[in-house]
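Below: the structure, in structure tokens.
Every read-out reported here was derived from the displayed coordinates using simple, explicitly stated rules and does not represent laboratory data. Keep in mind it's a predicted model, so treat the numbers as computed, not measured. Note that we place each Cβ from the backbone using ideal geometry, even for glycine, and neighbour counts take in every protein chain shown.
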């Protein structure tokens, strides 16, 4: 919080309040969009059940395409969903979750939930989207998981000292270059290689320090072409 307060030129107390409020609002907004996608998938199947059936990821139309899954990382009772980028039409680069490293897997190795959306990034040439997928593979493969999900867009490697009861002081590097989470991998790959910001969270609201999976689905630069049934 002190780190964010310094960046935003405010006080620790004000930053703490603002961050908690923005995370709550972000989670609520993402959960609503995820539930809407699940409902749409179940309705097409002719089912109104509350459970989310699990499927294997489907084939993409082209390299650089993205999926946003209704099934993903769970924390404090909230399912944040999951996302990844297609290296080829049948292989995906993604950060699977806590305790795991970023990998490339074939589509039959990746599980997603009903309602998962498959999309392309618009206004880019196919070769650019392919270059983004290649960048994601070369940059993030093998990296550990980044638990700083609420600030995964801030990647300047700033070091801070964390004190535990005034007894132990630890130097901590925030968002180190060798850590990544799923939405960060997709967002950063397109941001750095194609200069496209896929964070669909409203720009006039606080919470711009993070990109969640369903923020990517909400971006005006992503277009859904298939929904998992």
- request: Can you tell me the relative contact order of the stretch 1-154? Whole percent, Cα pairs under 8 Å, sequence separation 6 or more.
  value: 23
- prompt: Taking the Cα centre of each part, how many Å lie between the stretch 116-154 and the stretch 194-229?
  reply: 12
task: Can you tell me the order of 83-94, 138-149, 9-20 when each peptide is scored by its average per-residue count of other Cβ atoms within 10 angstrom, highest first?
output: 83-94, 138-149, 9-20
